[in-house]
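Below is one structure; the comments refer to it alone.
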């Protein structure tokens, strides 16, 4: 019987309770990092970034519950001594409104969206669906290190996840199963459920050995959405006794002239973030013709740009800002500027660079008529 996609309430169970000792490393593989994130984060985000998932349960070892608390959009549940017990715990923890469920191995953190979509589409007319790849290599049997025979491969497939099912059917199957299944298709078939084979993908690898980390990293880094933006700003000097640069007030014989507080460094960084988002500049978001921004603290503009980046699903990877002036000397204040900017953007200080140079007494900065700033921002899709 066909079910409309709009009537499906899809839940996900990500199984992450194993110890993964074959992968090596100081932690179970799901808590090790690849391309800047833990494997479990990558695996869960494959589903949380979709708009059609209603509930996500992450099944973890009791000792790992603190790791799970740092993953947004999931519900952590304790696993059991075997995989089938862990899956059953996850199924029992899903919201009662769930009509269909995808069960996924946490070690598959490089699953292409097309694989997930293929399983969900098949569930519109099937009680079960799972991705797989047909076996293309010749198969042998062996004994004592020698080939003892051959095996027909024409009906053999390499199983992948997520494996999807009608929720009531797979829950009943797990409750009735004697235990010891390698995956959920085995549980479903034991209960008499038909499972449709959907298209798998070679990129949907399962991290098992140390060599798999490099393979997964190459896939994730290839698929990463990385944006670079530049910002440039200039402010002239006027009468005054201090300047504000990157949020730090510095005594000087002059002040910087501007509609706001004229923080030329913070303005350049803010425009760099807007640039990486392809979303205009400070003047478009905070028009100088609007009197409410007269004398405004530039951190208002910077916080807006940071929030906008996060609203679009990006994390700021790093910021690099160069201040161009003869005076005041920036060096003695650079560490404080770096810390101030990092706090405003909620970044580690080692991801913020603040430095200065002169223009060798050339141009308006060389004549001490003002200060210029150049900034670059790197944004990475979260």
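Worth pointing out:
- For the stretch 344-373, filtering for residues that are touching a helix residue (DSSP H, G or I) at 6+ places or on another chain (Cβ under 6 Å) and either in a strand (DSSP E or B) or touching a residue at least 12 places away in the same chain (Cβ under 8 Å) (or both) leaves 9.
- Within the stretch 106-124, considering residues that are at pLDDT 95 or above and assigned to a loop (DSSP other than H, G, I, E, B), the one nearest to residue 64 (Cα to Cα): 106
- Residue 125 satisfies every condition listed in (1) touching a strand residue (DSSP E or B) at 6+ places or on another chain (Cβ under 7 Å); (2) within 22 Å of residue 2 (Cα to Cα) except (1).
- Wholly enclosed strands (runs of 3 or more DSSP E) of the stretch 156-244 bearing at least 2 residues assigned by TED's automatic domain parsing to the domain that holds residue 274: 226-239
- Near pairs, Cβ below 7 angstrom, 6+ apart or cross-chain, from the stretch 315-328 (assigned by TED's automatic domain parsing to the domain that holds residue 357 and more than 28 Å from residue 238 (Cβ to Cβ)) to any residue that is assigned to a loop (DSSP other than H, G, I, E, B) and at pLDDT below 95: 315/382; 316/347
- Qualifying residue in the stretch 50-68 (condition: in contact (Cβ under 8 Å) with a residue 60 or more places away in the chain, within 20 Å of residue 161 (Cα to Cα), surrounded by fewer than 20 Cβ atoms within 10 Å (Cβ to Cβ) and not assigned by TED's automatic domain parsing to the domain that holds residue 311): yes
- Of all residues making up the stretch 77-92, the number that are surrounded by fewer than 19 Cβ atoms within 10 Å (Cβ to Cβ) and touching a strand residue (DSSP E or B) at 6+ places or on another chain (Cβ under 9 Å): 3
- Criterion violated by residue 42 - all others in (1) surrounded by fewer than 21 Cβ atoms within 10 Å (Cβ to Cβ); (2) within 26 Å of residue 222 (Cα to Cα) satisfied: (1)
- Residue 296 vs. criteria part of a loop (DSSP other than H, G, I, E, B) and on the phi > 0 side of the Ramachandran plot: no
- Residue in the stretch 226-243 that is in contact with a strand residue (DSSP E or B) (Cβ under 8 Å, 6 or more places away or on another chain) and farther than 28 Å from residue 344 by Cα present: yes
- Yes/no for residue 275 being in a loop (DSSP other than H, G, I, E, B) and either more than 22 Å from residue 349 (Cβ to Cβ) or outside the structural domain of residue 230 (by TED's automatic domain parsing) (or both): no
- Residue satisfying condition, being surrounded by fewer than 21 Cβ atoms within 10 Å (Cβ to Cβ) and either assigned to a helix (DSSP H, G or I) or more than 22 Å from the chain's Cα centre (by Cα) (or both), within set 334, 262: 334
- With respect to the conditions (1) surrounded by 15 or more Cβ atoms within 10 Å (Cβ to Cβ); (2) more than 30 Å from residue 342 (Cα to Cα), residue 209 lacks only one, and its number is (1).
- Only one of the listed residues (217, 296) is surrounded by 14 or more Cβ atoms within 10 Å (Cβ to Cβ) and either free of Cβ contacts under 8 Å to residues at least 60 places away in the same chain or touching a helix residue (DSSP H, G or I) at 6+ places or on another chain (Cβ under 8 Å) (or both). That residue is 296.
- Flag: residue 309 does not match the condition of being at pLDDT below 95, surrounded by 14 or more Cβ atoms within 10 Å (Cβ to Cβ) and over 20 Å from residue 36 (Cα atoms).
- Test for residue 134: is it within 21 Å of residue 169 (Cβ to Cβ), surrounded by fewer than 23 Cβ atoms within 10 Å (Cβ to Cβ), assigned by TED's automatic domain parsing to the domain that holds residue 193 and out of contact with any helix residue (DSSP H, G or I) (no Cβ under 6 Å at 6 or more places or on another chain): no
The values are calculated or read from the model by the stated rules, or taken from the named source; none is laboratory data. Predicted model, so just to flag it, every value in this text is computed and none were measured. Neighbour counts run over all protein chains shown; Cβ positions are idealised from the backbone, glycine included.
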